[in-house]
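FYI, it's all coordinate maths here, none of it is from the lab. Source: prediction; values computed, not measured. Because the Cβ atoms are built from the backbone with ideal geometry, glycine has one as well, and the counts that use them run over all protein chains shown.
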Amino acid sequence: MPTPGRTRIMTVANQKGGVGKTTTAVNIAAALAAAGLQVLVIDMDPQGNASTALGINHRAEVESIYDVLIDDVPLAEVVAASPDLDNLYCAPATIHLAGADLELVSLVAREQRLRKAIAAYVDYREREGLPRLDYVFIDCPPSLGLLTVNAFCAASEVLIPIQCEYYALEGLSQLLNNVSMIQKHLNGDLAVSTILLTMYDGRTNLAAQVAADVREHFPDLVLKAVIPRSVRISEAPSFQQTVMTYDPSSTGALGYLEAAAELAERAN
Ligand code: ADP
Ligand code: MG
């Protein structure tokens, strides 16, 4: 898997819930980490599902991304190593993050707080002689509030998971409009770089139809790799694991491995 030669920061976003954002963030992160790359997942969803899947403690009393965003606690103080895999780190989310969308409103540079925290963390790693991060994945909540705006301002790429079901494209134009607005006003570097088709059920015509539709609309963005619907993928988080370690030979793990390789290939 090629190294990007810089820190690639990707926001995993889609304002629909349950489309595979978190699953995609943690499993692509795990696949890249398993290949020896340095990967950080930032959990920006108050539900903390990415933290859970990576085996990171995110009980209310833990210092978390909430403290980074609201109280200027350095990211270095909240980043924890995932017990699931080497080279894989996570900044956890706790339930406190649920109030952050509102609390951010009155703060200075409210849209840029995550961006600044990541930049300071990248500097910190360099100062401490730690290996440079190859990838940062930011897992977004299913909304387009200030948490997601912070994620957009911190990243240069957006990765959109699309569930191969009815209404897959619904809401997508709103998401793309938001990305354009951010581009215009807050972060000129931002672009949608990648679309990943998830929960693909090869037995149905509908899934094939939706996949064909999305590919027709976004020929350059959609990865060739498709993530199949797989029970192993949905079981892994209850063992505080990604599917990469839970069942590395499952179709789901292979799908994410392929997606990660393709994403890495397109780095430069
Ligand atoms: P989001 O973060 O967009 O809300 P999740 O990643 O949490 O979505 O996925 C929603 C649910 O679907 C979770 O229970 C997850 O385990 C399950 N899931 C995600 N991807 C797959 C898949 N490829 N096959 C089966 N279940 C999946
Ligand atoms: Mg999620």
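The Rg/Rh ratio of segment 1-44, with Rg taken over Cα atoms and Rh as the Kirkwood radius over Cα pairs, comes to 0.99.
The simple spin-label model puts a point 7 Å past each Cα toward its Cβ; for residue 167 and residue 258 those points are separated by 2.9 nm.
How big is the dipole moment of the chain about its Cα centre under a simple scheme where the beta carbon of each Lys and Arg is +1, that of each Asp and Glu is -1, and everything else is neutral? Debye, nearest 20, please. Intermediate values should be presented prior to the final figure.
Numbers: 19 positive and 31 negative charges, 90 e Å.
Charge dipole, the chain, about its Cα centre: 440 debye, nearest 20.
Assuming charge only on the beta carbon of Lys and Arg (+1) and of Asp and Glu (-1), the dipole of segment 30-94 about its Cα centre is about 240 debye to the nearest 20. Diagonalising the gyration tensor over the Cα atoms of the chain and scaling each eigenvalue by 5 before taking the square root yields semi-axes of 27, 21, 18 Å, largest first.
When you work out D = kT/(6 pi eta Rh) for segment 169-223 at 25 °C and 0.890 mPa s, using the Kirkwood radius from C-alpha pairs as Rh and the Stokes-Einstein form, the result is 194 µm²/s.
Computed over segment 120-250, the quotient of the alpha carbon radius of gyration and 2.2 N^0.38 Å is 1.23. Listed by chain and number, the lysines whose alpha-carbon sits under 21 Å from that of residue 184, ignoring those within fewer than 8 places in the same chain, are 116. Using the Karplus relation 6.51 cos²θ - 1.76 cosθ + 1.60 with θ = phi - 60°, the per-residue 3J(HN,Hα) values for segment 146-151 come to 5, 5, 5, 4, 4, 5 Hz, with x marking Gly and Pro.
Using the 2.2 N^0.38 Å rule of thumb for compact globular proteins, work out how segment 64-129 stacks up: its C-alpha Rg over that value, please. Before the final figure, lay out the partial values.
Numbers: Rg = 12.8 Å, N = 66, 2.2 N^0.38 = 10.8 Å.
My calculation over the Cα atoms of segment 64-129 gives 1.18.
Any chance you could check the Cα centroid distance between segment 138-182 and segment 211-268 for me, in angstrom? Value for the Cα centre distance between the two parts: 18 Å. Which is farthest toward the positive dipole end of the chain among 217, 124, 150, measuring Cα position about the Cα centre, with Cβ charges +1 (Lys, Arg) and -1 (Asp, Glu)? Among 217, 124, 150, the one farthest towards the positive end of the dipole of the chain is 217.
Panel order for 262, 111, by other beta carbons found within 10 Å of each beta carbon, from fewest to most: 262, 111.
Summing Lys and Arg as +1 and Asp and Glu as -1 over all other residues whose Cβ lies under 14 Å from the Cβ of residue 25 gives a net charge of -3. As a length-normalised measure over Cα pairs under 8 Å and 6 or more apart, the relative contact order of the chain settles at 26 percent. Cβ crowding within 10 Å, taken as a proxy for footprinting-reagent exposure, orders 96, 185, 58 from fewest neighbours to most as 185, 96, 58.
By the count of neighbouring beta-carbon atoms within 10 Å, fewest first, 124, 246 end up ordered 124, 246. If R0 is taken as 30 Å, the Cβ-Cβ distance between residue 204 and residue 183 corresponds to a FRET efficiency of 0.25. Principal axis extents of the Cα atoms in segment 1-88, from largest to smallest and rounded to whole angstrom, are 37, 30, 23.
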